[in-house]
Amino acid sequence: THEIKAKIDELCARGHVIRPHGVVSNDAALAVLSRSDVLVAPTRDDLLNLTVVEAMGLARCAITTSLPPMVEGLRDGQDAILIPSGDAEALSGHLDKLSRDRPRLSTIGAEARRSYEAHFTLRAHIDAMERVLHEVAQGSS
């Protein structure tokens, strides 16, 4: 939207580097993400944004919308920043705050990585499935 473009222009004028990349391959996206400070993924309908999970795995702060599946897997202000869908003012406000608070970016990124390890890796999924199967087996005996 115009508000987001204006905020990007304002931040760039203050010396920040912001580059919207559009559609790129997965490898290219991961390479860009690994060099980025923050991922902005303001989706309106993506129920589980895998790009956000990838950002978490790379210890990057992600700003995404507070849709139900994301709200269940993320902790606002701790391992990600959640904004209402379509709220350009909230998005630009968080970008502005984060541009002036590098320690907070690092803290959220580090917590995002811990959450990724605990909930989103293959090992975490296998462990969760084993727990469920164990509970089911105990309940049927």
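Computed over all pairs of different Cα atoms, the Kirkwood value for the hydrodynamic radius of the chain is 16.3 Å.
Note on residue 5 and residue 122: with the Förster distance fixed at 35 Å, the Cβ-Cβ geometry gives a FRET efficiency of about 0.35. Scanning residues 5 or more positions from residue 61 or on other chains, those with amide H under 5 Å from its amide H are 39, 109, with H placed 1.01 Å from N in the peptide plane. When the Gaussian network model of the chain links Cα atoms closer than 10 Å, the mean-square fluctuations of 71, 23, 53 top out at 23. Annotation for region 113-128 versus region 1-64: alpha-carbon center distance of 23 Å.
Note on region 1-121: with charges restricted to the Cβ of Lys and Arg (+1) and Asp and Glu (-1), its dipole about the Cα centre is near 420 debye. GNM remark for the chain: springs join alpha carbons under 10 Å apart, and the peak mean-square fluctuation among 19, 113, 60 falls on 19. Between 112, 59, 90, the Gaussian network model of the chain with springs among Cα atoms under 10 angstrom shows the greatest mean-square fluctuation at 90. In order along region 102-110, phi translates into HN-Hα couplings of 4, x, 5, 4, 5, 5, 5, x, 5 Hz, rounded to whole numbers, per the Karplus curve 6.51 cos²θ - 1.76 cosθ + 1.60 with θ = phi - 60° and x for Gly and Pro. Based on alpha-carbon atoms, the Kirkwood radius and the radius of gyration of region 61-106 give Rg/Rh equal to 0.97.
Each peptide in 127-136, 8-17, 32-41 receives the mean, over its residues, of other Cβ atoms within 10 Å, and ordering these scores from highest gives 32-41, 8-17, 127-136.
FYI, it's all coordinate maths here, none of it is from the lab. Keep in mind it's a predicted model, so treat the numbers as computed, not measured. In this analysis, Cβ positions are derived from the backbone assuming ideal geometry, glycine residues included, and neighbour counts consider all displayed protein chains.
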